[in-house]
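Please read the structure below before turning to the comments.
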Amino acid sequence: MWFKYSFAKSDRRLPGRIGHARHILAFLMFVAALTPAIGLGGTGGLDVTAGYGYLDLRWDAAPVSDVDSFEIRWGTTPGFPDNSVEIRPQTRYQITGLTNGKTYHVQLWAKRGDDEWQVGPERKGAPTGGCIPGDVTRNGIVDAQDAIMFQKKSGRSIWPEMSKITIDWDKMTDCVDVDGDELMGEPETEYALQTSSDLLLEIPFKNVRVSLLTYLPATVSVGEEVYFLGVVSNQGDIPTSGFVGVSWMIDGIILKEELIDSLEAQESATTFLYWTAEWGYHNVNLIIYPPDANSMDVSDYGYLSIEVPREPKNLVRDEIPGWFSETVAIYAPSSETSGGSLLTIPVQVLCEKINSFYELPALLDEAQRMGTSVLYLTDFWEGIGRCEDPYSCWVNKGEYKARTDFGGEKAFREGIEAVHEQDGRVILYVEPFIIHVDSEAGHAHGAEWSMIDEDGRYYDPYVNNWTLCPDSLEWLDYLSRVCFDLTDSLVIDGLYFDSYGFQWDWVCHSPLHDHPPGGNNFNYAAYKLLREVSAVSKSANPDLAIMTEGPERDMFRYVDGSQDWDIAKVLSTPGLESLNRYRLFLGGYNIDSINLAAGFGYNLALGPLQLMDADYIRYLLSARRELKDALVHGLHRGILSCDSTYIIPNLF
């Protein structure tokens, strides 16, 4: 059984240079449409801030008493909104999925029973640009300017990736408003970069490059056929002139050459190479011959290496809990600190969704609207100062004691029981890599358990956190007790270990741990930690599922699944996995990413951003389950040959 995924012509780009297209997934012949999505966060005075395709709304609802709920209304005509959504009181709301180049009028209405009234004046904003402060790096050179303004034309954003610009968000400065309007978002007459010195910088928007190079299957043995896939993208603002030439080379020998028709702006095309695997290491190059000197003939993804062993290695755990092997999506109702692709969606903390652990079934209802019954919970633990600040809970990593403002352990256990009664599952977050300096464990043992560099200084990749060594036996013992207690007392279904799968190759010089100072054993110690903590936790519940964050392939020998970043990042990593066995969950900030993840057979990591696409996602998951013999339990055998450069047929 096979189904197609099409790179269709469009004016949008996926992050990660995959050619952010309005992709069409012909999955049982149904097609996705882009729809608005949501995100929640803090409070403030009534305000509208424009961004790339969204309006960020803040207000203070305190003067209004006896309010059941609020409603946001917006539209392109003053006083006559054509969209609305009901929200919780005193929240920040982000209207996303808006059309660039249009001005939206926004109203906030209070509701009590059958009565409703407008709160505050109508405000407007145009999601056509924004001010991005900070140091700017362009083509590897720091332009000594204080700020940068991205402007748009014909409704398309100038994204940093298009001109190789990166922003240092830590060095915030005052922004510059190019045309003097208060909202900093009205369209300009032409593309430009505006800095605080009023210097206009020219940018080469003509940018043809290899935006993806990968292969499958991931585990290859001698004599098997390997499928190499390349995507060539025009990431500029005007069409290419004439054909684009493509050459496939392995170990310096050209094996295939072809021509791709002229690419429209933001358009991508695919190219394939089929190769019989030979033993050893091999270098693979996809070289393009650009139509003019302003294009790029090299990129981050134009090269990969592949190892073909004499015998394939077993890289995955065989005993996956039955319920988890049937899981095709997880839902994280709060996105803060949730890891992987869920970090790409607007920030939301748990107390902006519920007020008590007894309300967990309401979160299950949200998950089931999208077709899954698996809740992945972060932000459930006691914070600094008893969670008086909504953000003080998730930062306080260390103990993972049920937060008292939600009812404590008793309410948490009964809330999870209520979820189980409705056939739901609960996975809880745990962080093995860091603990907060102000946590109880941090105060008592942080310095003892942490890694230090060769100069005797503590590593600090995360501010105000101790960076823990997996080869500290005391830390291993402590984490095992924490995870056992969570599993045993709360009767949970899974544990999610953050960071492991991304954090690798650290070198610890501490003399206090179970390794020689300076030994390069972090990776092996991390495997050992996961194996032993998992074994202890599963003694409380043999059916417990263990997940990690990140793409580290060897990790799958010790865990049941992982959540990675969005599909663009995963596909740019050489070697698509044996998808049904690797249990990889992917998400993203728009429906394009969701479609492509499903099209290649991955499971989905969903957050509150996807709730406005709930009906479509539920249909997507239901089709995936209907075809589970092939798409979930079957093997992804390869990519089939196709005459069109805009369709990727996958064989399952």
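The values are calculated or read from the model by the stated rules, or taken from the named source; none is laboratory data. These numbers were taken from a predicted model, which means no experiment stands behind them. As a convention, Cβ positions derive from the backbone with ideal geometry for all residues, glycine included, and neighbour counts pool all protein chains shown. Keep in mind that these areas ignore ligands, DNA and RNA; they rest on the heavy atoms of the full protein, side chains included. Shrake-Rupley method; radii C 1.70, N 1.55, O 1.52, S 1.80 Å.
Using the structure shown, list the pairs from Lys353/Lys628; Lys410/Lys538; Lys256/Lys628; Lys397/Lys528; Lys124/Lys569; Lys401/Lys628 with a Cα-Cα distance above 27 Å, or answer none. Distance filter (> 27 Å) returns Lys353/Lys628; Lys256/Lys628; Lys124/Lys569; Lys401/Lys628. In this structure, the amide hydrogen of Leu212, modeled 1.01 Å from its nitrogen in the peptide plane, lies closer than 5 angstrom to those of Val231, counting only residues at least 5 positions away or on a different chain.
Taking all protein chains together and rolling a 1.4 Å probe, Thr77 ends up with roughly 70 Å² accessible. Computed with a 1.4 Å probe on the full set of protein chains, the accessible area for His445 sits at about 70 Å².
Close amide H pairs (under 5 Å, H built 1.01 Å from N) link Ser69 with Lys111, residues at least 5 positions away or on another chain.
Using the alpha carbons of the range 314-464, what is the convex hull volume per residue in cubic angstrom, as a whole number? It would help to have the intermediate numbers written out before the result.
Values: hull volume 23.8 nm³, N = 151.
With only Cα atoms used, the range 314-464 gives 157 Å³ per residue.
In this structure, the amide hydrogen of Thr76, modeled 1.01 Å from its nitrogen in the peptide plane, lies closer than 5 angstrom to those of Asp82, His105, counting only residues at least 5 positions away or on a different chain. Taken as Cα centroids, the range 487-503 and the range 619-638 sit 26 Å apart, rounded to the nearest whole angstrom.
What's the extension gain from Val507 to Asp453 if we count 0.36 nm per residue and subtract their Cα-Cα distance? Mind showing how you got there, number by number?
Numbers: separation 54, 0.36 × 54 = 19.44 nm, distance 0.71 nm.
Using 0.36 nm per residue and subtracting the Cα-Cα distance, I get 18.7 nm.
Here each label is just a point 7 Å from Cα along the line to Cβ, and for Glu409 and Glu326 those points are 3.2 nm apart.
Exposure check, 1.4 Å probe, all protein chains in place: Asp471 carries approximately 10 Å² of accessible surface.
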